[in-house]
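The values are calculated or read from the model by the stated rules, or taken from the named source; none is laboratory data. If you're wondering where the values come from, they're calculated on a predicted model, not measured in any experiment. Glycine also receives a Cβ, built like all others from the backbone with ideal geometry; neighbour counts cover every protein chain displayed.
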Amino acid sequence: MKFSKFGQKFTQPTGISQLMDDLGDALKSDQPINMLGGGNPAKIDAVNELFLETYKALGNDNDAGEANSSAIISMANYSNPQGDAGFIDALVGFFNRHYDWNLSAENIALTNGSQNAFFYLFNLFGGAFVNGNKESVDKSILLPLTPEYIGYSDVHVEGKHFAAVLPHIDEVTHNGEEGFFKYRVDFDALENLPALKEGRIGAICCSRPTNPTGNVLTDEEMAHLSELAKRYEIPLIIDNAYGMPFPNIIYSDAHLNWDNNTILCFSLSKIGLPGMRTGVIVADSEVIEAVSAMNAVVNLAPTRFGAAIATPLVNDDRIKQLADNEIKPFYQQQAILAVNLLKDALGDYPLMIHKPEGAIFLWLWFKDLPISTTELYEILKDKGTIIVPSEYFFPGVDVSNYKHAHECIRMSIAADEQTLIDGIRVIGEVVRELYDGASSQKD
Ligand SMILES: Cc1ncc(COP(=O)(O)O)c(C=O)c1O
């Protein structure tokens with residue numbers, strides 16, 4: 001069968017499709033697998049209980065009987081393309097209660113997960129633009145700090161339109177301990193980027209906290225990015241999938257700002273509802289109208305089920321309490337456990353860990369590892385431990401000459417304690433053997 005160019009682009013093997021297949025196969029395997037890959041959130045009892053309770057209440061929440069329950073209203077009717085109006089109103093109230101943003105319903109649209117939002121936004125602001133002289137200008141999405149989220153890489157309908165800046169790598173201490181580093185935005189490189197100066201950037205985007213590294217860009221870095229975006233009259237897209245106020249998996253001192261030039265993307269996935277496929281965009285009304293129009297064509301209307309579950313939790317702030325009291329402490333504890341296990345397994349080896357500041361991952365840097373982490377991934381997979389190698393996390397970067405991009409791995413900390421213990425033991429054994437082998441060859 002012959003596919004169009006569009007068809008060929010979206011059916012070719014991509015980093016993300018290969019990894020999703022590997023993760024799926026690993027889960028189906030009859031061998032025990034230490035699953036430290038993937039971005040699935042953890043199973044947290046208190047979280048699941050609350051969702052289940054809310055879900056059950058949906059069927060019986062109307063005096064007129066079950067036929068008029070929220071569940072039936074949600075499931076039996078399309079919303080308009082902007083998304084479930086009740087949830088949007090709840091979100092407007094919630095954000096205005098907690099932030100000084102003065103939003104109205106015109107500032108919010110829903111999508112089928114935030115991945116769906118990035119597909120829209122990166123195609124709205126990246127690709128061919130026609131200027132006043134009817135000349136086509138190709139604009140890119142600027143990623144001011146890579147490594148960045150793997151899921152951005154292949155979303156452009158035609159081609160790939162990214163410009164990326166490599167990080168400054170600062171060695172830092174964490175809780176008084178050595179062996180950690182933190183990425184910082186290289187503003188010199190960013191300010192001098194030819195594509196920015198020449199009008200070939202359509203938007204700036206960063207995830208905060210960052211998938212894969214657990215980095216949280218500082219308030220100063222965010223303020224600088226916001227100023228830069230305004231100076232060049234392009235939007236700043238902030239991917240807040242792990243950020244505040246929900247799921248709030250963020251341990252550093254950071255604040256969240258919004259203004260008309262900022263596009264904030266939220267998701268219900270990392271609070272524990274990835275199957276609901278619910279994303280939330282907060283933006284200027286012009287962007288919301290564009291997203292709604294795209295929703296109409298691509299989806300008719302976004303899914304309403306996540307909205308139905310989340311609306312009561314947003315209305316009375318239980319979603320924030322859940323994030324603050326259950327979700328954030330859970331991952332903070334997991335990060336401490338995983339760091340301790342890694343230090344025990346590889347303390348005397350050249351392992352550096354990105355300072356854990358948020359999200360559900362640790363990012364490990366094996367300096368001068370004698371093989372690439374893509375090869376390491378294969379060895380670990382054969383031994384039943386799944387991680388994600390770093391080279392996929394550099395959209396817009398030619399990684400062939402960038403050694404650091406082949407020396408890191410992303411490790412999920414959402415797994416249960418025993419899986420972390422077993423997985424890190426295997427990583428430790430393999431990595432120690434590789435370093436030991438390299439040093440004995442030198443001797
Ligand atoms: C940084 C980041 N952004 C966006 C997404 C997409 O999430 P979803 O489509 O489930 O909302 C993910 C998922 O892992 C992510 O890690």
Notebook entry, point to check: For segment 53-73, what are the residues that are modelled with pLDDT of 80 or more and among the hydroxyl-bearing types (S, T, Y)?
Noted result: T54, Y55
Notebook entry, point to check: Are there any pairs with C-beta distances below 8 angstrom linking a residue in segment 220-247 that is among the small types (G, A, S) to a residue that is in a helix (DSSP H, G or I), with the two at least 6 apart or on different chains, and if so which?
Noted result: A241/S114; A241/S269; A241/K270
Note to self: With in contact with a strand residue (DSSP E or B) (Cβ under 6 Å, 6 or more places away or on another chain) and either surrounded by fewer than 22 Cβ atoms within 10 Å (Cβ to Cβ) or touching a residue at least 24 places away in the same chain (Cβ under 8 Å) (or both) as the only criterion, which of T303, T385 stands out?
What the structure shows: T385
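Residues are listed down the side, and each one gets a yes or a no for (1) in the same structural domain as F162 (by TED's automatic domain parsing); (2) at pLDDT below 95; (3) surrounded by 18 or more Cβ atoms within 10 Å (Cβ to Cβ):
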residue: A359; (1), (2), (3): no, no, yes
residue: W365; (1), (2), (3): no, no, yes
residue: L369; (1), (2), (3): no, no, yes
residue: K381; (1), (2), (3): no, yes, no
residue: V397; (1), (2), (3): no, yes, yes
residue: K403; (1), (2), (3): no, no, no
residue: A414; (1), (2), (3): no, no, yes
residue: E433; (1), (2), (3): no, no, no
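Conditions (1) within 21 Å of P235 (Cα to Cα); (2) touching a Gly at 6+ places or on another chain (Cβ under 6 Å); (3) charged (D, E, K, R); (4) surrounded by 21 or more Cβ atoms within 10 Å (Cβ to Cβ), marked per residue:
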{"residue": "I72", "(1), (2), (3), (4)": "no, no, no, no"}
{"residue": "N80", "(1), (2), (3), (4)": "no, no, no, no"}
{"residue": "F95", "(1), (2), (3), (4)": "yes, no, no, yes"}
{"residue": "E106", "(1), (2), (3), (4)": "yes, no, yes, no"}
{"residue": "G126", "(1), (2), (3), (4)": "yes, yes, no, yes"}
{"residue": "I141", "(1), (2), (3), (4)": "yes, yes, no, yes"}
{"residue": "K160", "(1), (2), (3), (4)": "yes, no, yes, no"}
Next item on the list: Pick out the one residue from A296, A283, A308 that is in contact (Cβ under 8 Å) with a residue 60 or more places away in the chain, away from the ligand (no atom under 15 Å from the Cβ) and closer than 19 Å to L322 by Cβ.
Entry: A308
Margin query: If the requirement is being over 22 Å from R277 (Cβ atoms) and among the acidic types (D, E), which of these qualifies: D22, D45, D84, D89?
Written below: D45
Next item on the list: Scan segment 263-280 residue by residue and report those that are in a helix (DSSP H, G or I) and touching a residue at least 60 places away in the same chain (Cβ under 8 Å).
Entry: S269, K270, I271, P274
Margin query: For segment 147-176: of the residues being free of Cβ contacts under 8 Å to residues at least 24 places away in the same chain and over 22 Å from the mean Cα position of the chain (by Cα), which is farthest from the ligand (Cβ to nearest atom)?
Written below: G176
Notebook entry, point to check: Any idea which of Q31, Q82 is away from the ligand (no atom under 16 Å from the Cβ), closer than 26 Å to K381 by Cβ and in contact (Cβ under 8 Å) with a residue 60 or more places away in the chain?
Noted result: Q31
Notebook entry, point to check: Looking at L341, is it buried (at least 21 other Cβ atoms within 10 Å of the Cβ) and within 29 Å of Q31 (Cα to Cα)?
Noted result: no
